[in-house]
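Visitor: Structure below; questions to follow.
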Amino acid sequence: MKIVVCIKQVPDTEAYIKINSQKTSIEESGIKYIINPYDEFALEEALRIKEKLNNAETAVITLGAPRTQEALRSALALGIEKAVLIPQEDFILDNFSSAFILAKTVERLGYDLILCGKQAIDDDMAQTGGIIASLLNIPFVSLATKIEFIDNSQIKVHREIEGFTEVFKIKLPAVISAQKGLNEPRYASLMGIMQAKKKIISEIKIQDLGINPENLIKTKLTRLEYPSPRSQGKILDGDLKEAAQKLVKFLREEAKII
Ligand SMILES: Cc1cc2nc3c(=O)[nH]c(=O)nc-3n(C[C@H](O)[C@H](O)[C@H](O)COP(=O)(O)OP(=O)(O)OC[C@H]3O[C@@H](n4cnc5c(N)ncnc54)[C@H](O)[C@@H]3O)c2cc1C
């Protein structure tokens, strides 16, 4: 059973994000990066499956700048056995080209189960898992909250919808995207961190996959903008009765809502 987890390194949720001067991306300097939180659920699930089945092999892959090696090393520290970086620094890719590169890499590594997060919290596209599954012509279930093994060739995947739980039975190989609640991700142990420092992170170059990403790009981000500033609030002074009268007057005469 070969399990491949796709992880993306994203800015820390606490990071202060500034748009770059070309208005096409963000200013990278000074930003702390983390593993995309939904990918942590995917990593944890891979580890749990490995612990349950005695024939599972786990690998983690990421497509990105050299700094993304940190994310791979953190995954190794958790107990993932193999890490692969597909280096790509230039900010030229889109969803389809990124997913195409990931799908080709997974094909090269071999796979029975591909796990990813439901979405990356920076670009929020929520497309990668679905595109990988389409390219490999295998099933895809999104937003999984539980994965159960029936046997080595079939799994049950639970997902929550408004008021219900859906349970799918699917044949492997398949792609599953992780939703919050799938599990409780563990922390790396000190020993895991020390061992991960010695592990080798392999590299697969995009050119070695026989891909020219520029031929695959289907969408182009033309501009990144800040949301328009919110108009200033209005403070109504006076006691409660006076303030309520002023509010009604304002809503009727100025805002024209009532
Ligand atoms: C090197 C590079 C260059 C880029 N250049 C551009 C650009 O010029 N213009 C532009 O608009 N966008 C660019 N992007 C962003 C790119 O379009 C999106 O990151 C990509 O399409 C995925 O969308 P998303 O990040 O919203 O992921 P989602 O589809 O929301 O991610 C879902 C899941 O897919 C997996 N995943 C996503 N991205 C990766 C990854 N890189 N490696 C491994 N697993 C992943 C994770 O498991 C993640 O949880 C670039 C990205 C990369 C890595």
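The values are calculated or read from the model by the stated rules, or taken from the named source; none is laboratory data. Quick caveat, the model's predicted, so the values are computed rather than measured. A quick note on method: Cβ atoms are made from the backbone with ideal geometry, for glycine too, and the neighbour counts reach across all protein chains shown.
Visitor: Being modelled with pLDDT under 95 and within 21 Å of residue 137 (Cβ to Cβ) is true for just one of 152, 212. Which residue is that?
Guide: Values: 212 fails: within 21 Å of residue 137 (Cβ to Cβ).
None of the other options fit; the residue is 152.
Visitor: Name every residue in the range 3-55 that is free of Cβ contacts under 8 Å to residues at least 60 places away in the same chain, away from the ligand (no atom under 13 Å from the Cβ) and either crowded, with 20+ Cβ neighbours inside 10 Å or more than 30 Å from residue 107 (Cα to Cα) (or both), in order of residue number.
Guide: Within the range 3-55, 12, 14, 15, 16, 17, 18, 21, 27, 29, 30, 31, 32 meet the criteria.
Visitor: So which residues in the range 9-25 are outside any loop (DSSP other than H, G, I, E, B) and under 20 Å from residue 69 (Cα atoms)?
Guide: Quick first cut of the range 9-25, residues outside any loop (DSSP other than H, G, I, E, B) only: 9-11, 19.
9, 10, 11, listed by residue number.
Visitor: Next up: Under 6 Å by Cβ, and 6 or more places apart or on different chains, what pairs join a residue from the range 221-236 that is within 20 Å of residue 95 (Cα to Cα) with one that is at pLDDT 85 or above and part of a loop (DSSP other than H, G, I, E, B)?
Guide: Close Cβ pairs (under 6 Å, with a partner that is at pLDDT 85 or above and part of a loop (DSSP other than H, G, I, E, B)) amount to 223/23; 224/23.
Visitor: Tally up the residues in the range 1-30 that are β-branched (Val, Ile, Thr) and closer than 20 Å to residue 92 by Cβ, please. Spell out how you get there, then give the answer.
Guide: Of the range 1-30, the ones β-branched (Val, Ile, Thr) are 3-5, 7, 10, 13, 17, 19, 24, 26.
Going one step further and asking which of them are closer than 20 Å to residue 92 by Cβ, we end up with 10, 19, 24, 26.
The number of residues fulfilling the criteria is 4.
Visitor: Now for a different question. When you go through (1) in contact with a helix residue (DSSP H, G or I) (Cβ under 7 Å, 6 or more places away or on another chain); (2) closer than 26 Å to residue 154 by Cα; (3) small (Gly, Ala, Ser); (4) near the ligand (Cβ under 8 Å from one of its atoms) one by one for residue 59, which number turns out not to apply?
Guide: With (1) in contact with a helix residue (DSSP H, G or I) (Cβ under 7 Å, 6 or more places away or on another chain); (2) closer than 26 Å to residue 154 by Cα; (3) small (Gly, Ala, Ser); (4) near the ligand (Cβ under 8 Å from one of its atoms) applied to residue 59, the lone miss is (4).
Visitor: Let me ask something else. What about residue 206, is it in contact with a Pro (Cβ under 9 Å, 6 or more places away or on another chain), surrounded by 14 or more Cβ atoms within 10 Å (Cβ to Cβ) and under 30 Å from residue 19 (Cβ atoms)?
Guide: For residue 206, the condition - in contact with a Pro (Cβ under 9 Å, 6 or more places away or on another chain), surrounded by 14 or more Cβ atoms within 10 Å (Cβ to Cβ) and under 30 Å from residue 19 (Cβ atoms) - is met.
Visitor: For the range 211-251, give me the residue count where each residue is of a type outside the set (D, E, K, R) and touching a helix residue (DSSP H, G or I) at 6+ places or on another chain (Cβ under 8 Å).
Guide: Within the range 211-251, the first condition is being of a type outside the set (D, E, K, R), and the residues that meet it are 211-213, 215-217, 219, 221-222, 224, 226-229, 231-233, 235-236, 238, 240, 243-245, 247-248, 250-251.
From the residues that got through so far, the ones that are touching a helix residue (DSSP H, G or I) at 6+ places or on another chain (Cβ under 8 Å) too are 211, 213, 216-217, 219, 236, 238.
The qualifying residues number 7.
Visitor: Give the residue that is surrounded by the most Cβ atoms within 10 Å (Cβ to Cβ), with candidates limited to residues of the range 62-77 that are part of a helix (DSSP H, G or I) and in contact with a helix residue (DSSP H, G or I) (Cβ under 6 Å, 6 or more places away or on another chain). Before you say what the answer is, go through the steps one by one.
Guide: Of all residues in the range 62-77, those part of a helix (DSSP H, G or I) come to 66-77.
Keeping just the survivors that are in contact with a helix residue (DSSP H, G or I) (Cβ under 6 Å, 6 or more places away or on another chain) gives 73, 75-77.
Values: 73: 17, 75: 30, 76: 24, 77: 20.
That would be 75.
Visitor: Out of the residues in the range 89-106 meeting the condition of being under 19 Å from residue 71 (Cα atoms) and surrounded by fewer than 20 Cβ atoms within 10 Å (Cβ to Cβ), tell me which one is nearest to the ligand (Cβ to nearest atom).
Guide: Ranking the candidates gives 91 first.
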